[in-house]
Amino acid sequence: MPSFLTADSLTPLAPKSSRSRSVRLAVLGGLLLLAAPAAAQTGGTLPLVSVGDKWPQAQETYVIRVSAQDAGKPLGLEVFSPTFNLADYVDGRRAEGYFGDELYAKNEPFETTFTLTGPGGTVLERRFSLNREHTWDSLFSGGLGAGTYTLKVTSRGNGKNSFALRVADPFRLETSDFSVNARSTDSEALLAARVNVTADWVGRTLGLLNYDVDGAQEAEIWAVQPGGARVNLTPSENGRTATDAFRITPELVGEWQLYIRVLRTTKQYSNAIRFSFRLNDQPITGSVGGFVVPGGAKIANQLLVDVVDPQGRPIPGASYALVGDAVVRPVLPGGYVPVSGTLIQGTGNIVSPTEVRYQPGFTKIRFVARPPQGQLQVEAVALYAGQRIPLTGVPFQVGGQTLSAPVTVPLAPGDYQVTPTSLPGSSVTPPPAGRVTDSGTERVTIEYRVLTDVALVTSPDILNVCDVTQLTALARTDFPYRLPGKLSLNLPTGWTTDYPLNVSGDFSQGQPLRLKVPVRVCRTDTAEAVLDPVDLRTTGQARVRNPGGANVTRNVQGGARASLNKSVEAAAQGQGYVVTLVFTVDSTLENVRLIDPLPVGGAQPAVRGPLQVQGPSLANLNLRLDGDAILLTRVIPGTYTLTYTLFTDQPADRVVTAPDLSW
């Protein structure tokens, strides 16, 4: 006989007087059966059995657990003799190669259904009826997603169907209650199940139950405990249950094996026996199944199904489902879009990308699906004087990636927040999330509002009538991208020059747009510098008198306005010069730098005397020097006056230097 884990055959399920076997239940309480390699686990062992109308349990149930690390591995679920073989045992005769099928009513239908279900519903459902041979069939060879799957075997009709199951490593078939078919053709001891008793069972009671052995003259059953000790179990009587209870001690932790051997005194061709496993009277599962393909047995129906992406790579979590004996459909992870179905080998036809009909035999089918994917276009612009200037190479983050705009990003459907990178000299607000749809393109624009300023330096700003001063207009920004601009000077009456009063060009961080013009000043007045196209304006004053001075005013686009006037007069008794800086501001500012370069040249370096300051609030001023800069930590609106004595051996016409300011 082939080597299988099967179910004992039953004599006709008629009244006991006709030797029809009444149903018997064997319960192995509290054991967790270990799955050994398929060939060794049940080689030469009992067939499983599914009994029809008169067995107390309507269906045989087996559990297959697929861990996350084993998801997608080939399940290799195969069955030997799923059909009822009319040549096995009919009309009281037992044929050659008897496996245990028995039909007790002539000319009545009998069918067995194998149903595999999982987290996503039914994976396969196959119905097998009558034939006159034992065949080997592939139920499901593909991979499954992580989860717990249940295989149910149900028979309809007056009889019983013996079969054998196996799955590929690392999977196993687990059950707490199952039926086997002990046959008189097997005289050796056969393995029914394997059990692993774990350390947390110590102090609890393990129950091994068997049902309907029909007495000690039919078969002997025993357990082999860890360490190899044999413990005989009580054979149940006809229609009765026998229970053997074991109090678990540390010495009993490990693998237990359950065996049965049919005795020569048996009066039956085959005997259906039920085993159950209990721990403290609660069901626990154990491992059954596994067989070696019988010599010469040919697979009657094998279906190989690949579910891959357009590049031919297996799709994680994908599987397939069987509908009856003729239809196969892919089971795709959420959102995947079917592309095609192909019948690589075998006979059938393609109904759609999600359905192939085939004729039983050796069949290979491939389904192709693509992950859902759309596109997100991300661009960046500078908002400058009503213009939208495209920017390149601007970094941003989306979906855990760091990219540079402009770019088109392929993404799975969903909402994606684009996180921009801040750029100096600008302000930016994260744009609304982009919603990506399958096969669609969404556009997201990052908008940077540019900040610029214009300054005008008059040097010297105190001069004799109709002397010449230098006007220097500066358009500045910390924005790292080039901005177009036009810088112009507006001169009052009495101020004249032969030089151009405007210049056009680009300016950016570290590269200001500069306009220098020598101007003859014949009256005290104010000039104006204008930056277009933002229409940002500032002024610079010159006074016609002696000895001299300079001033600068800074306007920040959308921000504060401040001016700095510098005057230099000779100190009393010729002890250096008195420098007066008048700083006027209309907003609260922090970290203000009053840039007041000392004159250079001469035999000795210029020296700045102690600073004195007056203003609206000195509480947080924290005045200090940093080279040519006077640092003011925090100022409030108003006018601050700073004075100091300048010691230098430079002549008076070289003492005045042009100031500047920033914050």
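Please tell me if A658 is closer than 24 Å to N464 by Cα and in contact with a Ser or Thr (Cβ under 6 Å, 6 or more places away or on another chain).
Values: closer than 24 Å to N464 by Cα: yes; in contact with a Ser or Thr (Cβ under 6 Å, 6 or more places away or on another chain): yes.
The answer is yes for A658.
Annotation note: of P56, P74, the sole residue that is in contact with a strand residue (DSSP E or B) (Cβ under 7 Å, 6 or more places away or on another chain), of a type outside the set (D, E) and open to solvent by 60 Å² or more (accessible area, probe 1.4 Å) is P74.
Evaluating A629 against the criteria (1) at pLDDT 95 or above; (2) of a type outside the set (K, R); (3) open to solvent by 50 Å² or more (accessible area, probe 1.4 Å) leaves one unmet condition, (3).
Keeping to the stretch 420-442, report how many residues are assigned to a strand (DSSP E or B) and touching a Leu at 6+ places or on another chain (Cβ under 8 Å). Spell out the reasoning first.
We begin by selecting, within the stretch 420-442, every residue assigned to a strand (DSSP E or B); these are 420, 426-428, 434-436, 441-442.
In the following step, the residues that additionally are touching a Leu at 6+ places or on another chain (Cβ under 8 Å) were identified as 426-427, 434, 436, 441-442.
Adding up the residues that qualify gives 6.
Residues in the stretch 341-361 that are touching a residue at least 24 places away in the same chain (Cβ under 8 Å) and either in contact with a Cys (Cβ under 8 Å, 6 or more places away or on another chain) or open to solvent by less than 40 Å² (accessible area, probe 1.4 Å) (or both): G341, E355, V356, Y358, G361.
Screening the candidates P431, P424 for the property of being open to solvent by less than 70 Å² (accessible area, probe 1.4 Å) and under 30 Å from T538 (Cβ atoms) yields one hit, P424.
Let's see how each residue does on (1) closer than 27 Å to G312 by Cβ; (2) out of contact with any strand residue (DSSP E or B) (no Cβ under 8 Å at 6 or more places or on another chain):
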residue: F367; (1), (2): yes, no
residue: G386; (1), (2): no, yes
residue: A405; (1), (2): no, no
residue: P424; (1), (2): no, yes
residue: S427; (1), (2): no, no
residue: P431; (1), (2): no, no
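Report, by residue number, each residue of the stretch 579-607 that is within 27 Å of T538 (Cβ to Cβ) and either among the basic types (K, R) or modelled with pLDDT under 90 (or both).
Once the filter is applied, which keeps residues that are within 27 Å of T538 (Cβ to Cβ) and either among the basic types (K, R) or modelled with pLDDT under 90 (or both), the stretch 579-607 yields only R593.
Scan the stretch 197-219 for residues that are open to solvent by 20 Å² or more (accessible area, probe 1.4 Å) and in contact with a helix residue (DSSP H, G or I) (Cβ under 8 Å, 6 or more places away or on another chain) and jot them down. A199, V202, listed by residue number. Considered as a group, the residues in the stretch 225-245 that are part of a strand (DSSP E or B) and open to solvent by less than 30 Å² (accessible area, probe 1.4 Å) include one that is farthest from A182 (Cα to Cα), and that residue is D244. Can you find even one residue in the stretch 177-185 that is assigned to a loop (DSSP other than H, G, I, E, B), within 30 Å of D70 (Cα to Cα), open to solvent by 10 Å² or more (accessible area, probe 1.4 Å) and polar (S, T, N, Q)? No, the conditions are met nowhere in the stretch 177-185. Within the stretch 516-532, the residues that satisfy the criterion of being within 20 Å of R561 (Cβ to Cβ) and not charged (D, E, K, R) are T526, A527, A529, V530, L531.
For every residue, the table says whether it meets (1) farther than 30 Å from P338 by Cβ; (2) open to solvent by 50 Å² or more (accessible area, probe 1.4 Å); (3) in contact (Cβ under 8 Å) with a residue 60 or more places away in the chain; (4) of a type in the set (S, T, Y).
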| residue | (1), (2), (3), (4) |
| --- | --- |
| T363 | no, no, yes, yes |
| L376 | no, no, yes, no |
| E379 | yes, yes, yes, no |
| L383 | yes, no, yes, no |
| P410 | no, yes, no, no |
| P413 | no, yes, yes, no |
| T445 | yes, no, yes, yes |
| T452 | yes, no, yes, yes |
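Counted as qualifying within the stretch 567-636 are the strands (runs of 3 or more DSSP E) with 1 or more residues that are of a type in the set (K, R), namely 589-595, 624-626, 629-635.
Could you please find all residues in the stretch 464-510 being farther than 30 Å from V394 by Cα and under 57 Å from the mean Cα position of the chain (by Cα)? Walk me through it before giving the result.
Residues of the stretch 464-510 that are farther than 30 Å from V394 by Cα, as a first pass: 464-473, 488-502.
Listed by number, the residues that qualify are A473, S488.
When restricted to residues that are farther than 20 Å from L263 by Cβ, part of a loop (DSSP other than H, G, I, E, B) and among the hydrophobic types (A, V, I, L, M, F, W, C), the stretch 186-224 contains 1.
The values are calculated or read from the model by the stated rules, or taken from the named source; none is laboratory data. Remember, predicted model here, so these are calculated numbers, not experimental data. FYI the Cβ positions are ideal-geometry reconstructions off the backbone, even for glycines, and counts take in every protein chain you see. Side chains are part of the model used for accessible areas, which takes the heavy atoms of the whole protein and leaves out ligands, DNA and RNA. Shrake-Rupley method; radii C 1.70, N 1.55, O 1.52, S 1.80 Å.
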